1. State whether the residues of the range 74-88 include one that is closer than 15 Å to A117 by Cα, assigned to a helix (DSSP H, G or I) and under 16 Å from the mean Cα position of the chain (by Cα).
2. Can you tell me which residue within the range 132-145, out of those that are buried (at least 18 other Cβ atoms within 10 Å of the Cβ) and not β-branched (V, I, T), is nearest to Y62 (Cα to Cα)?
3. Which one of the conditions (1) buried (at least 18 other Cβ atoms within 10 Å of the Cβ); (2) modelled with pLDDT of 70 or more does L7 fail to meet, given that it meets all the rest?
4. Considering only the range 155-176, how many residues are in a helix (DSSP H, G or I) and without any contact (Cβ under 8 Å) to a residue 40 or more places away in the chain?
5. Looking only at the range 117-140, count how many residues are within 15 Å of the chain's Cα centre (by Cα), assigned to a helix (DSSP H, G or I) and either within 20 Å of P157 (Cβ to Cβ) or not small (G, A, S) (or both).
6. Could you grab me the full set of residues in the range 68-92 that are in contact (Cβ under 8 Å) with a residue 12 or more places away in the chain, small (G, A, S) and farther than 17 Å from K50 by Cβ?
7. Being outside any helix (DSSP H, G or I) and either buried (at least 16 other Cβ atoms within 10 Å of the Cβ) or not small (G, A, S) (or both) is the filter here; which residues of the range 95-116 pass it?
8. Restricting to the range 35-57, give me the number of residues that are in contact (Cβ under 8 Å) with a residue 24 or more places away in the chain and not in a helix (DSSP H, G or I).
Amino acid sequence: MIRGIVLVAYLFTQFLLASAFKYEDIPEDYRELIPQEAKDFMMNLSDADKTTLKEVFKGGPYKNEEEAIAELKKKSAELGERAEKFHAAIKAKVTALGPEAKTFAEKSIDIGRKLRARYYTDNKPTGEELKEKTAEVLKMYKSLSEDGKADFQKQFPILTKVFTSEKLAKFVGVEN
């Protein structure tokens, strides 16, 4: 159950927690819900890469993802390039959103960034905290207009599938 919550927290942030988890730890049933960009990034992380990511993020906080990636490049140019490519793909999708959906995506990413910081400082959020944050993001999604939801779905169809799941809504206590 906890791994399911962790996965959902990961999904709504698209990529921000990717380096905090092992792809193999995600139950097979949920792997199909992970965006391909995240899957590619996670599946190719070596143990050394994971250690480097932890070192970099423990050195934070960083003002933004670009600053964190620049620091990562100092420690591992190859890993930094991969992270930059991944970040650029997600950023392009967010940039393509209209104002309402973009605001939602940016707020969700900010929540994910704060969670990620806790993982790397050995202050991991509890299952209940992850559930609360997932509920917060789900409520924000549900408050979008129909046009905002349609806009978000164009760029993030897999995440839209997650956000419209009645099972998830029930689990985190958000009514449809």
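1. no
2. K133
3. Every listed condition holds for L7 apart from (2).
4. Summing the residues that are in a helix (DSSP H, G or I) and without any contact (Cβ under 8 Å) to a residue 40 or more places away in the chain in the range 155-176 gives 6.
5. 10
6. Listed by number, the list holds a single entry, A89.
7. L97 - this is the single residue of the range 95-116 that is outside any helix (DSSP H, G or I) and either buried (at least 16 other Cβ atoms within 10 Å of the Cβ) or not small (G, A, S) (or both).
8. Summing the residues that are in contact (Cβ under 8 Å) with a residue 24 or more places away in the chain and not in a helix (DSSP H, G or I) in the range 35-57 gives 3.
The values are calculated or read from the model by the stated rules, or taken from the named source; none is laboratory data. It should be emphasised that the depicted structure is a prediction, and the values quoted were computed from it without experimental measurement. Note that each Cβ is placed from the backbone with ideal geometry, even for glycine, and that neighbours are counted across all protein chains shown.
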